[in-house]
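The block underneath contains the structure these notes are about, expressed in structure tokens.
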Amino acid sequence: MSKDAKEASAKIYFERCAGCHGVLRKGATGKNLEPANTTKLGQARLEKILTNGTDGGMVNFDDILTKDEIKNMATYIQMTPDVPPEWGIKEMTASWKVVVKPEDRPKKQLNKVNLKNVFSVTLRDSGEIALIDGDTKKIWTIIKTGYAVHISRLSASGRFVYVIGRDGKLDMIDLWMETPAVVATIKIGMDARSVETSKFKGFEDKYAVAGSYWPPQYVIMDGADLKPLKIVSTRGITVDGEYHPEPRVASIVASMIKPEWVINIKETGLIKLVDYSDIKNLKETTIESAKFLHDGGWDASKRYFLVAANASNKVAVVDTKDGKLAGLVDTKSKPHPGRGANFVHPKFGPVWATSHLGADVITLIGTDPAKHKDQAWKVVAELKNHGAGSLFVKTHPKSNNLWADAPLFPEKDMAESVTVYDIKNLDKGPEVINIAKLADLPETKAVKRAVQAEYNEKGDEVWFSIWAGKTDPSAIVVMDDKTRKVKAVIKDPKLITPTGKFNVYNTQHDIY
Ligand code: DHE
């Protein structure tokens, strides 16, 4: 393989593959791709998998990569992986920039936008986020960020948005400015997915924390300017007792009942409750669960955190009040909730829902040990989803609907559609709506995946992204939650590959 082809393949691997398979290719959501396994599959089979994808959630790359790129990737993953360098306090501090000092920032909100209903939207392939005014449905501003921002999270006050790029670049945006802009930035690692803030009373807006995939560690920063304060490595022993060199930091969530973050370590299957009340003498409670922890959300009471151990086909439940594992629930293949969805089931009481990458079901788990003890931390029902390859479910306390997508299902029509259930009448069965068709975009080769439902502040609209190729026209489809009819389609040439959308109020208060 030529030097150029190897470099190009390494870049593609980092941008498209490392998330699921790991930098060292030891596997997690995706299979282990070390040479011992890949050479067994061989060039032709690997090219086929890369081209067409698989039913297990591996996406097809024929619409993004050329035939030559696919050929080179198949060769590249049969070679020994390179180990990337570390990224410590020296590198972080060198990358850290305070663009507008805290004392030079506005003393009051300088714009007239209803901040609670602003959506921070990831423009995946352009390395930007769009702030969209949810009331007018107009793009307020577009901000240059790291590569393929993964999530946006809010400060406890709702004033600052923190966005983390896959390349580890963390940007802090001030919504009080006349036109919001980045006020501080830092690169916390080479590969990252999660960021959160301190939300407990007395610690509002004090700290930010970000987790990285490479190097495997989390970093605590000053919430006002992102100054790095403490780095904690997550390398160590898995729940099975084996050393792992790359235990990546998956989801992080802030407790409202304690000065604590729940930090989920993917490969070790360890859930860390990190007490940030004294970061010089940091206390971590380490809870054993199951390997391949990924994404998750609170139950409605916000005492229990439910996190998918996706490639273990389990959902772990942490009781953050007692600092213990409350349950480990077996589910169908590869649960993938996003933050999940909470509602009251007519028969089983409060439940939390997840959809699945590997199965066409929506799993409902009982979450009320006080009044529905027999159902607590058990699968109480499995609803049919229109396909496997689902990534996100969503509802809202004011809604009667439960929405689920299936953007990674190999069939176009399914990937472009969503399922919606009436949660008061689940026996009625779902409605399947092709969201991409509602956007009325020109025909292109790429699948127009309908991805990630997000509610507006009032809970009467639900927004879906149409996620197609980088050069394809795209859109956000806003559905009226009550009528399930299209209410608005946001189209703009600047909306390049929109994926995750984060409503300020709902993200600030963990409403889902
Ligand atoms: Fe995500 C959440 C990791 C691919 C869109 N994703 C998360 C979280 C993790 C994660 C750890 C939880 C963060 C938290 O709550 O703190 N995602 C990964 C991967 O490792 C993976 C599988 C592969 C990769 O290379 O990144 C991956 N994710 C994707 C996508 O391809 C998606 C669909 C499009 C995109 O923008 O990249 C995508 N992930 C999202 C979104 C969330 C998310 C929208 C937040 C959901 C929410 O409601 O909070």
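Cross-link partners of Lys26 among lysines, defined as those whose alpha carbon lies under 16 angstrom from its own and excluding same-chain residues fewer than eight positions apart: Lys40, Lys266, Lys291.
Each peptide in 367-376, 446-455, 78-87 gets a packing score, the mean of other Cβ atoms within 10 Å over its residues, and the list from highest to lowest is 446-455, 367-376, 78-87. Reducing the range 221-269 and the range 413-439 to their Cα centroids gives an inter-centroid distance of 36 Å.
With all projection directions averaged, the alpha carbon convex hull of the range 206-342 covers 8.1 nm². The relative contact order of the range 3-78 comes to 30 percent, based on Cα pairs under 8 Å that sit 6 or more residues apart.
Scattering from the range 90-233 was approximated by placing one identical point on each alpha carbon and applying the Debye formula without solvent; log10 I(q)/I(0) at 0.11, 0.17, 0.20 1/Å stands at -0.37, -0.89, -1.23.
The amide H of Tyr455, built 1.01 Å from its N in the peptide plane, has Trp463 as neighbours under 5 Å, considering only residues 5 or more places off or on other chains. Grouping the Cα pair distances of the range 379-512 into 10 Å bins from zero gives a pair-distance distribution of 13, 45, 34, 8, 0 percent in increasing distance order. Over all distinct Cα-Cα pairs of the chain, the Kirkwood formula returns a hydrodynamic radius of 22.9 Å. Per-residue extension of 0.36 nm, minus the Cα-Cα distance of Lys201 and Leu328, leaves a gain of 42.7 nm for this segment.
Close amide H partners of Leu229, meaning residues 5 or more places away or on another chain with modelled amide H under 5 Å apart, are Ile220, Met221, Asp222.
For the residue pairs Lys31/Lys97; Lys116/Lys258; Lys272/Lys482; Lys108/Lys487; Lys3/Lys144; Lys424/Lys501, the C-alpha atoms sit more than 28 angstrom apart in Lys31/Lys97; Lys272/Lys482; Lys108/Lys487; Lys3/Lys144. Within a straight-line Cα-Cα reach of under 16 Å, Lys11 can be paired with the following aspartates and glutamates, leaving aside sequence neighbours fewer than 8 residues apart in one chain: Asp68, Glu69, Asp82, Asp125, Asp167, Asp191.
Bridgeable lysines around Lys112 (alpha carbons under 18 Å apart, same-chain partners fewer than 8 residues away excluded): Lys137, Lys138. All Cα-Cα separations within the range 3-78 were binned at 10 Å from zero, giving a P(r) of 20, 61, 19, 0, each value a whole percent of the pairs.
All of the numbers you see were taken from the coordinates with simple rules; none came from a lab. No experiment lies behind these values; they were computed from the predicted model shown. FYI the Cβ positions are ideal-geometry reconstructions off the backbone, even for glycines, and counts take in every protein chain you see.
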